[in-house]
Amino acid sequence: MSFSTSTTEAVPTNLAPQGVDLEQVCQQFGTPLYLYDADVIIRQIEQLRSAFTYPKVKFKYAAKALTNISVLKLIRQQGIDLDVVSIEEAHIGLKVGFSAQQIMYTPSGVPFTEIDEAIALGVQMNVDSLPLLRYIGKQYGNSVPCCIRLNPDIRAGGHDKISVGHNESKFGIALSQLDLVVDVVEQYGIVINGLHIHTGSDIKDPEVFVEGAKRLYAAAQYFSNLQYIDFGSGFKVAYKEGDIATDIPPLAQIMEESFREFCQEYGRELEMWFEPGKYIVSDSGYLLTKVTVVKENPGINFVHVDTGLNHLLRPMMYDAYHEIVNITNSVGPLQPYQVVGYICETDTIAENRMLPQVRSGDVLAIKNAGAYGFSMASNYNSRLRPAEVLVYQGEVKLIRQRETLDDILQNQIEISL
Ligand SMILES: *Cc1c(COP(=O)(O)O)cnc(C)c1O
């Protein structure tokens, strides 16, 4: 087989997280399979921690990126707290051993019954709307300390769907409504112990964080009981060669500088919080998938794999680029392929991707699948969700069983017709 476009040879890659043979893992656990490398998670956490010198810095891992309880346990063991966006995630966090005080609960327009439940659990409340603030004031007066999620009106980040800190975004309370916040706080005597922004994902420019911070500092003067400022996340990771990730050390430096100045003006040393999700887990993850069919259509070679947008939504949802390695054939001339899923829906995983020859039965590793991979997976097409394994201290541990057809059917009720 020859292609006119094949000009370069593949650079042989030996992808083996902690020395683990991925092909063998696929034989043992089957495909598709999510695999996470614990060492990479630990490395990412170390990189964050070592970049900051401010003693009162805290990291709250955004659980929604990857919510497997064994991964959460690993992250907790590294001394990281938790950011949750649903009551379910709050319960999972508690089950894994995070204390309620370590859990920041950042809901977005949830029913107030869920708010009551979260308050009963004792997690830190982050308030994202004026009606919610009024509700808490009326029901709980000054007994539930709250953080206010402000919308800094900054448009930054990658894809539009992950840019969440601008005025037309649904998240947070507009800075222009700060006077209304202050009114409600005074009316009910609510204790505001923190201010929060989360501008979006994939922000590489540290200046964006500083700009957001400045807006929070200005708002802080209206609240005298603050214990922390939460700068959210959005740290970008590199998905492909040439991608510019957020450079954490310079970011840490300018943020600390501005924060120290702010604290001096404020009159107290507050805690400085961040909520990284993607940064901690993205790079650790691989979606391992087997090639089912190679279809040589005129002008375009389709590689079908035994997964799709049901297991990895990011390429279709965010136009995300995920590097792909053919682990069963990593040598030879590169050829263009359209890597597509097995779902009855357009589910292109990679377009016009240069890979060494792909044959049916090959195993492909889709990289950077740790964040928003499994956690966004569904049962579309009544497909089973994959198993998950964690490579921990050189050993491959099963951390979620592959679903069975029974799992899909168990909550369905067949009525008599
Ligand atoms: C999703 C989310 C995060 C994490 O964002 P990443 O881009 O994955 O780091 C942090 N804070 C809040 C409130 C979020 O919703």
Please enumerate the residues belonging to the range 385-399 that are surrounded by fewer than 17 Cβ atoms within 10 Å (Cβ to Cβ) and in contact (Cβ under 8 Å) with a residue 24 or more places away in the chain.
GLN393, GLY394, LYS397, LEU398
List every residue pair whose Cβ atoms lie under 7 Å apart, where the two residues are 6 or more positions apart in sequence or sit on different chains, the first residue falls within the range 109-134 and is within 17 Å of VAL191 (Cα to Cα), and the second residue, located anywhere, is assigned to a strand (DSSP E or B) and β-branched (Val, Ile, Thr).
VAL123/ILE103; GLN124/ILE103; VAL127/ILE148; ASP128/ILE173; SER129/ILE173; LEU130/ILE173; LEU133/VAL127
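A quick yes/no check of all residues on (1) exposed (fewer than 14 other Cβ atoms within 10 Å of the Cβ); (2) in contact (Cβ under 8 Å) with a residue 60 or more places away in the chain:
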site: ALA238; (1), (2): no, no
site: ALA245; (1), (2): no, no
site: GLU256; (1), (2): no, yes
site: GLU261; (1), (2): yes, no
site: GLN264; (1), (2): yes, no
site: GLY267; (1), (2): yes, no
site: PHE274; (1), (2): no, yes
site: TYR279; (1), (2): no, yes
In the range 41-58, the residues that are touching a residue at least 40 places away in the same chain (Cβ under 8 Å), within 20 Å of VAL389 (Cα to Cα) and not aliphatic (A, V, I, L, M):
GLN44
In the range 156-175, is there at least one residue being under 28 Å from VAL57 (Cβ atoms), among the basic types (Lys, Arg) and within 16 Å of the ligand (Cβ to nearest atom)?
no
Evaluate the range 105-117: report whether one residue or more is acidic (Asp, Glu) and either in contact with a Leu (Cβ under 7 Å, 6 or more places away or on another chain) or within 12 Å of the ligand (Cβ to nearest atom) (or both).
no
Please list, ordered by first then second residue, the pairs with beta carbon atoms under 7 Å, 6 or more apart or interchain, first in the range 295-324 and without any contact (Cβ under 8 Å) to a residue 12 or more places away in the chain, second not in a loop (DSSP other than H, G, I, E, B).
LYS295/PHE302; LYS295/HIS304
Kindly state which strands (runs of 3 or more DSSP E) lie completely within the range 64-173 and contain at least 3 residues that are closer than 28 Å to ALA38 by Cα.
81-84, 103-105
Would a scan of the range 199-209 turn up a residue that is part of a helix (DSSP H, G or I), surrounded by fewer than 20 Cβ atoms within 10 Å (Cβ to Cβ) and of a type in the set (Val, Ile, Thr)?
no
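Bear in mind these aren't lab numbers, they're just calculated from the coordinates by the rules spelled out. Given the structure is predicted, the values throughout are model-derived calculations rather than measurements. When we count neighbours, we look across all protein chains shown, and the Cβ atoms used for this are built from the backbone with ideal geometry, even at glycine.
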